[in-house]
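J.: Can you keep this structure in mind? I'll have questions shortly.
None of the figures in this text is laboratory data; all of them are computed from the coordinates on show. This structure is a prediction, so every number in the text was calculated from the model and none was measured. All Cβ positions, even for glycine, are placed from backbone atoms using ideal geometry, and neighbour counts span all protein chains on display.
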Amino acid sequence: MLKLYHNPISPHSRRVLVALLEKNIECELVEIELNGVPNRPELLAINPLHHIPVLEDDGFRIIESLAILDYLEAKYPNPSLLPTNAQNLAKVRMVHCHDWFTN
Ligand SMILES: N[C@@H](CCC(=O)N[C@@H](CS)C(=O)NCC(=O)O)C(=O)O
């Protein structure tokens with residue numbers, strides 16, 4: 001089963017949680033406390049960049065919320081959360097690139 005390290009108040013985690021819900025994907029949720037303390041061992045152990053969300057799938061670990069969304073979209077294409085129209089897809093990516101949460 002998939003495992004998501006997350007925190008409910010994290011917007012990066014929430015975008016992944018929404019995708020899991022919309023796609024009706026079963027996933028074990030592991031809540032990681034966010035206390036502002038940098039380089040905590042429990043965060044470094046799952047992500048050397050010490051960020052959540054982190055998704056694990058059968059030993060394969062994915063960091064970065066947008067990479068996780070791409071992974072879920074590729075592995076669970078139905079229902080799709082991305083437009084197929086070229087211009088609309090470009091708009092989604094433009095919003096992602098300018099999302100201040102992302103970088
Ligand atoms: N670019 C990353 C950003 C992830 C990020 O900033 N996560 C924050 C929570 S929203 C975090 O884990 N911070 C660590 C901390 O506060 O200790 C992504 O899109 O996943």
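J.: For LEU2, enumerate residues with amide H under 5 Å from its amide H, sequence gap 5+ or separate chain, H modeled in the peptide plane.
T.: Under 5 Å from the amide H of LEU2 lie the amide H atoms of GLU28, each far enough along the sequence or on another chain.
J.: Given the rule -39500 (n - 2.57) for each run of at least 4 DSSP H residues, summed and divided by the residues of the chain, what is its mean residue ellipticity at 222 nm, to the nearest 500 deg cm²/dmol?
T.: It comes out at -11000 deg cm²/dmol, rounded to the nearest 500.
J.: For GLU42 and GLU28 in the same chain, what is the full-extension length gain: residue separation times 0.36 nm, less their Cα-Cα distance, in nm?
T.: Working: separation 14, 0.36 × 14 = 5.04 nm, distance 1.74 nm.
Result: 3.3 nm gained on full extension.
J.: In a GNM of the chain with a 10 Å cut-off on Cα contacts, which of ASN47, ASN85, ASN39 has the highest mean-square fluctuation?
T.: Maximum fluctuation in the GNM of the chain, among the listed residues, is at ASN85.
J.: Sticking with this one: When a footprinting reagent is the concern and you count Cβ atoms within 10 Å, what order do HIS96, HIS6 take, fewest first?
T.: Fewest to most other Cβ atoms nearby, the residues stand as HIS96, HIS6.
J.: With a sphere of radius 11 Å drawn around the Cβ of GLU33, what net charge do the other residues whose Cβ falls strictly inside it have (Lys, Arg +1; Asp, Glu -1)?
T.: -1
J.: Ok, one more. Normalising by the residue count of the chain, find the relative contact order in percent from Cα pairs under 8 Å and 6+ residues apart.
T.: On the way: 116 pairs, mean separation 30.3, N = 103.
The value is 29 percent.
J.: Relative to the compact globular guide of 2.2 N^0.38 Å, what is the alpha carbon radius of gyration of the chain, as a ratio?
T.: Values: Rg = 14.1 Å, N = 103, 2.2 N^0.38 = 12.8 Å.
Dividing the Cα Rg of the chain by 2.2 N^0.38 Å gives 1.10.
J.: Using the crude model of +1 on Lys and Arg Cβ and -1 on Asp and Glu Cβ, and no other charge, please compute the dipole size for the range 2-102 relative to its Cα centre, in debye to 20.
T.: The dipole magnitude comes to about 340 debye.
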